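Structure first, then comments.
The values are calculated or read from the model by the stated rules, or taken from the named source; none is laboratory data. The model shown is predicted, which means the values in this text are computed figures rather than measured ones. So basically every Cβ, Gly included, is an ideal-geometry build from the backbone, and we count neighbours across all protein chains shown. Just the protein is used for accessible areas: all its heavy atoms, side chains included, with ligands, DNA and RNA removed. Shrake-Rupley method; radii C 1.70, N 1.55, O 1.52, S 1.80 Å.
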Amino acid sequence: MSRMVYLNGEIVPEEMAKVSVFDHGYLYGDGIFEGIRAYNGLVFKLDEHIKRLFQSAKTIMLNLDLSKEEIKEAIIKTVRANKLKDAYIRVVVSRGIGDLGLDPDKCKKPNFVIIASEIALYDQELYANGLKVMTVPTRRNGAEMVNPRIKSLNYLNNIMARIEANLMGVPEAIMLNNEGYVAECTGDNIFIIEGKNLITPPRYAGLLKGIKREVAMEIGESLGLKIKEELFTRYDLYNADECFLTGTAAEVIPVVEIDGRVIAEGKPGQYTQKIVKEFRDYVNSHGVPVYPEDQEKVS
Ligand code: PXG
């Protein structure tokens with residue numbers, strides 16, 4: 001069965017879900033997106049993702065034409081149309097069709113797309129044993145440039161870093177900001193643990209304020225860790241007791257080696273293991289039900 005895609009108010013087979021080559025999303029990367037997960041029939045943190053979509057839209061002055069409630073309904077409808085319980089949901093809003101110049105005022109109507117698909121997960125072995133990652137030469141663009149808090153369709157900064165990670169044979173790259181402080185990864189936020197402190201870079205370091213980042217902080221606090229949003233360097237990475245990443249695709253994943261330096265014992269740390277486990281329990285009991293029978297799972 002072909003996937004069913006939401007395109008400007010209609011659900012159509014993926015073969016028919018097409019946008020013009022004159023769309024400024026295609027010509028200039030002018031647009032925004034969200035990556036959302038559904039677990040076990042529950043769409044995780046849907047309101048938070050929609051809020052972030054509106055914040056991205058407001059910042060780039062893109063008129064979404066739909067209310068938060070309408071977007072929520074469209075997302076649920078798209079997951080149902082694909083009969084999915086576990087899904088990766090991609091919401092994409094591009095500036096729409098314009099002429100060949102930059103001017104977004106020439107684009108009269110945004111293109112609104114929702115894709116709900118099965119998820120490609122990291123290998124389970126990596127959750128048990130942890131990732132080896134590297135810092136890369138490409139710097140994360142600063143908050144005073146195109147702010148990384150905008151989840152924009154222009155991901156070239158992160159793609160350059162991902163190319164460097166591929167060249168080094170690692171699955172994810174740690175990006176520093178222009179001052180050399182750790183910012184985030186290409187599609188994940190980063191945390192270190194020092195003693196009883198759970199530390200992640202502050203948003204002014206230049207990063208996407210990840211929704212799983214917030215969840216990890218909440219779980220960390222419930223485990224008795226002190227949460228700190230602080231700048232730190234590669235030195236702090238190498239000498240951390242524990243390290244992990246959070247993101248839509250990765251969820252919570254341990255890191256055991258950075259730039260050839262083994263982190264602590266080279267195994268996922270005890271707090272990290274607890275956070276990985278608690279995160280899994282959390283996602284299976286929180287969210288917006290896609291189907292009526294999933295309502296009872298919500299705690
Ligand atoms: N930082 C960046 C730059 C991201 O793109 C995150 C952090 C984590 O945010 P959430 O809200 O998911 O906790 C993201 C989002 C992929 C992929 O294929 C990952 C993201 C976006 C697009 C693709 O790995 N992660």
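Here are some notes:
- Some residue of the range 95-118 being under 26 Å from K209 (Cα atoms), among the charged types (D, E, K, R) and loosely packed, with under 14 Cβ neighbours inside 10 Å: yes
- Near pairs, Cβ below 9 angstrom, 6+ apart or cross-chain, from the range 154-175 (of a type in the set (S, T, Y)) to any residue that is within 12 Å of the ligand (Cβ to nearest atom) and open to solvent by 80 Å² or more (accessible area, probe 1.4 Å): Y155/R162
- Take the conditions (1) buried (at least 16 other Cβ atoms within 10 Å of the Cβ); (2) over 15 Å from the mean Cα position of the chain (by Cα); (3) at positive phi; K45 misses just one of them, which is (2).
- Criterion (assigned to a loop (DSSP other than H, G, I, E, B) and either closer than 30 Å to E14 by Cα or within 17 Å of the chain's Cα centre (by Cα) (or both)) met by exactly one of R162, R149: R149
- Residue that is surrounded by the most Cβ atoms within 10 Å (Cβ to Cβ) [pool: residues in the range 196-214 that are within 12 Å of the ligand (Cβ to nearest atom) and among the aliphatic types (A, V, I, L, M)]: L207
Listed here are the residues, each with its yes/no results for (1) surrounded by 15 or more Cβ atoms within 10 Å (Cβ to Cβ); (2) part of a strand (DSSP E or B); (3) not hydroxyl-bearing (S, T, Y).
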position: F232; (1), (2), (3): yes, no, yes
position: L237; (1), (2), (3): yes, no, yes
position: A249; (1), (2), (3): yes, no, yes
position: I253; (1), (2), (3): yes, yes, yes
position: G266; (1), (2), (3): no, no, yes
position: S299; (1), (2), (3): no, no, no
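- Only one of M217, M175 that is within 16 Å of the ligand (Cβ to nearest atom) and surrounded by fewer than 22 Cβ atoms within 10 Å (Cβ to Cβ): M217
- Scope the range 220-230; condition more than 16 Å from the ligand (Cβ to nearest atom), open to solvent by less than 70 Å² (accessible area, probe 1.4 Å) and in contact (Cβ under 8 Å) with a residue 40 or more places away in the chain; matching residues: L223, L225
- Among the residues here, N154 does not qualify as touching a helix residue (DSSP H, G or I) at 6+ places or on another chain (Cβ under 6 Å), within 25 Å of N166 (Cα to Cα) and in a loop (DSSP other than H, G, I, E, B).
- Residues satisfying the stated conditions in the range 134-146, i.e. in contact with a helix residue (DSSP H, G or I) (Cβ under 8 Å, 6 or more places away or on another chain) and either open to solvent by less than 90 Å² (accessible area, probe 1.4 Å) or in a helix (DSSP H, G or I) (or both): M134, T135, V136, T138, R140, N141, A143
Residue-wise test of (1) closer than 30 Å to Q273 by Cβ; (2) in a strand (DSSP E or B); (3) in the same structural domain as T248 (by TED's automatic domain parsing).
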residue: L53; (1), (2), (3): no, no, no
residue: A57; (1), (2), (3): no, no, no
residue: E70; (1), (2), (3): no, no, no
residue: A74; (1), (2), (3): no, no, no
residue: K83; (1), (2), (3): no, no, no
residue: V93; (1), (2), (3): no, yes, no
residue: G101; (1), (2), (3): no, no, no
residue: K132; (1), (2), (3): yes, yes, yes
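- Search result, residues across the range 181-190 that are away from the ligand (no atom under 12 Å from the Cβ) and touching a Lys or Arg at 6+ places or on another chain (Cβ under 8 Å): V182
- Matching entry among Y88, Y28 (being of a type in the set (S, T, Y), over 16 Å from G210 (Cβ atoms) and open to solvent by 30 Å² or more (accessible area, probe 1.4 Å)): Y28
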